[in-house]
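The block underneath contains the structure these notes are about, expressed in structure tokens.
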Amino acid sequence: MAVTKLQNLVILGTGGTIAGQAADPSDNIGYTAAQVGIGALLAAVPALDQDGPFITEQVAQIDSKDMSFAVWVQLAERVNHFLAQPDVQGVVITHGTDTLEETAYFLQAVCQPVKPVVLACAMRPATALAPDGPQNLRDAVSVARHPGAQGVVAICAGTIHSALDVQKVHTYRLDAFSSGDAGPVGYVEEGQLRLLRNWPQAQKSPLTIEKVAGLGALAEWPQVEIVMSHAGASGAVVQALVAHGVQGLVVAATGNGTLHSALEAALWAAQDAGVKVVRASRCTEGRVLSVPGQRIADSQGLNPVKARVALMLDLLAENDERP
Ligand code: SIN
């Protein structure tokens, strides 16, 4: 009987705890992230032997707290390169949990993939007594192999999250991510997907990878910073950032986008001076519902870190349109 050959699945390594090593196997926190290469991570999951063929590539080897624009651009270029090949079914990316949601949002925005791009992570290092990375990697492969899967998603502890909604919500628990009000895309159970809603759809994005491809160094990106409203807030940080030449500000506002009056006055002044200001909420659930007459635009449901990525892409698109 003829055996149907599966298409290639590309596994890109970027580091993170999933590739972390500790001196003591019982130590789940005192480890060094980004030590184990992508080939070894794959080899540690013998159950994946039946799910190949795989193409592996180490795009970066970093703790994701140090994620940079240069790595994002390189990653997006590799994703697009592989997805353009007809014999590639999808891409799995191993990534640290700390900035996973930003990378997911960035890749969805600039790549808008119609094939699956699945971010896999872990909360325990590869050397742990009971590491979670191997199961997460196996689940990521199940997602990427699923017929009809598309867009950028993250998998953690058996739950599939859309790039648009995923957020790290716990510092230690293995099930560290949530999709908030939107709920997960679905679950992976013993290699089978139980889907609850649609895959992330390609959206109108201000910039595609072709436009960001040439950009690498921090200096080439618009400076967009995040400030927070809190008890006793002042306008000092905003004023300092404006004096420094910031082009965009995202404010992590309280509740439904409310701002301390002193901070709000400084943000209005920044906006009047030409700085783009966006209002997100510091709440982990819900979205800012705009009240008519508000002078600062809301983040369209994005949390502060994703709103920052969106604002950077908007500013890049604007700069691009200038003669
Ligand atoms: C990282 O984000 O690279 C380290 C932390 C983690 O992956 O959980």
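The values are calculated or read from the model by the stated rules, or taken from the named source; none is laboratory data. Note that this is a predicted model, so its numbers are computed, not measured. Positions of Cβ are generated from backbone atoms using ideal geometry, with glycine treated the same way; all protein chains shown enter the neighbour counts.
Being of a type in the set (A, V, I, L, M, F, W, C), modelled with pLDDT of 95 or more and surrounded by 12 or more Cβ atoms within 10 Å (Cβ to Cβ) is the requirement here; does residue 212 meet it? Steps first, please.
On the way: of a type in the set (A, V, I, L, M, F, W, C): yes; modelled with pLDDT of 95 or more: no; surrounded by 12 or more Cβ atoms within 10 Å (Cβ to Cβ): yes.
For residue 212, the condition - of a type in the set (A, V, I, L, M, F, W, C), modelled with pLDDT of 95 or more and surrounded by 12 or more Cβ atoms within 10 Å (Cβ to Cβ) - is not met.
Looking across region 278-307, the residues that are more than 22 Å from the chain's Cα centre (by Cα) and either in a strand (DSSP E or B) or surrounded by fewer than 18 Cβ atoms within 10 Å (Cβ to Cβ) (or both) come down to 289, 290, 291, 292, 293, 294, 295, 297. For region 52-97, what are the residues that are within 13 Å of the ligand (Cβ to nearest atom) and part of a helix (DSSP H, G or I)? Hits for region 52-97 are 64, 65, 66, 71.
Hey, does region 95-111 have a residue that's assigned by TED's automatic domain parsing to the domain that holds residue 128, closer than 18 Å to residue 146 by Cβ and not aliphatic (A, V, I, L, M)? Lay out the reasoning, then the answer.
So in region 95-111, the residues assigned by TED's automatic domain parsing to the domain that holds residue 128 come out as 95-111.
After this cut, where a residue has to be closer than 18 Å to residue 146 by Cβ as well, the list is 104, 108.
Right, trim to not aliphatic (A, V, I, L, M) and you get 108.
Looking for residues that are assigned by TED's automatic domain parsing to the domain that holds residue 128, closer than 18 Å to residue 146 by Cβ and not aliphatic (A, V, I, L, M), one finds at least one in region 95-111, hence yes.
Among the numbered conditions (1) within 14 Å of the ligand (Cβ to nearest atom); (2) touching a Lys or Arg at 6+ places or on another chain (Cβ under 8 Å); (3) not basic (Lys, Arg), the only one that residue 128 does not meet is (2).
Just one of the numbered conditions (1) crowded, with 21+ Cβ neighbours inside 10 Å; (2) over 20 Å from residue 33 (Cα atoms) is not true of residue 124: (2).
Within region 165-198, how many residues are crowded, with 16+ Cβ neighbours inside 10 Å and either part of a strand (DSSP E or B) or in contact (Cβ under 8 Å) with a residue 60 or more places away in the chain (or both)?
Pass one, region 165-198, residues crowded, with 16+ Cβ neighbours inside 10 Å: 165-168, 174, 176-180, 182, 184-188, 193.
Filter once more, so that each one left must be either part of a strand (DSSP E or B) or in contact (Cβ under 8 Å) with a residue 60 or more places away in the chain (or both): 166-168, 176-178, 180, 186-188, 193.
Here the count works out to 11.
Is it true that some residue in region 17-32 is in contact with a Cys (Cβ under 6 Å, 6 or more places away or on another chain), modelled with pLDDT of 95 or more and assigned to a helix (DSSP H, G or I)? Among the residues of region 17-32, at least one is in contact with a Cys (Cβ under 6 Å, 6 or more places away or on another chain), modelled with pLDDT of 95 or more and assigned to a helix (DSSP H, G or I), which makes the answer yes.
Would you say residue 26 is hydroxyl-bearing (Ser, Thr, Tyr) and crowded, with 17+ Cβ neighbours inside 10 Å? Before you say what the answer is, go through the steps one by one.
Numbers: hydroxyl-bearing (Ser, Thr, Tyr): yes; crowded, with 17+ Cβ neighbours inside 10 Å: no.
So residue 26 fails the test.
Pick from 130, 104: which is at pLDDT 95 or above and surrounded by fewer than 24 Cβ atoms within 10 Å (Cβ to Cβ)? Spell out the reasoning first.
Values: 104 fails: surrounded by fewer than 24 Cβ atoms within 10 Å (Cβ to Cβ).
Just a single option satisfies the conditions, and that option is 130.
Quick check: is even one residue across region 209-222 in contact with a Gly (Cβ under 7 Å, 6 or more places away or on another chain) and more than 29 Å from residue 140 (Cβ to Cβ)? Yes, because at least one residue in region 209-222 is in contact with a Gly (Cβ under 7 Å, 6 or more places away or on another chain) and more than 29 Å from residue 140 (Cβ to Cβ). Scanning region 284-300 for residues that are in contact (Cβ under 8 Å) with a residue 40 or more places away in the chain and within 18 Å of residue 165 (Cα to Cα) gives 284, 285, 286, 287, 298, 299.
Against the test of being among the charged types (D, E, K, R), in contact with a helix residue (DSSP H, G or I) (Cβ under 9 Å, 6 or more places away or on another chain), assigned by TED's automatic domain parsing to the domain that holds residue 309 and closer than 26 Å to residue 284 by Cα, the options 225, 264 yield a single qualifying residue, 225.
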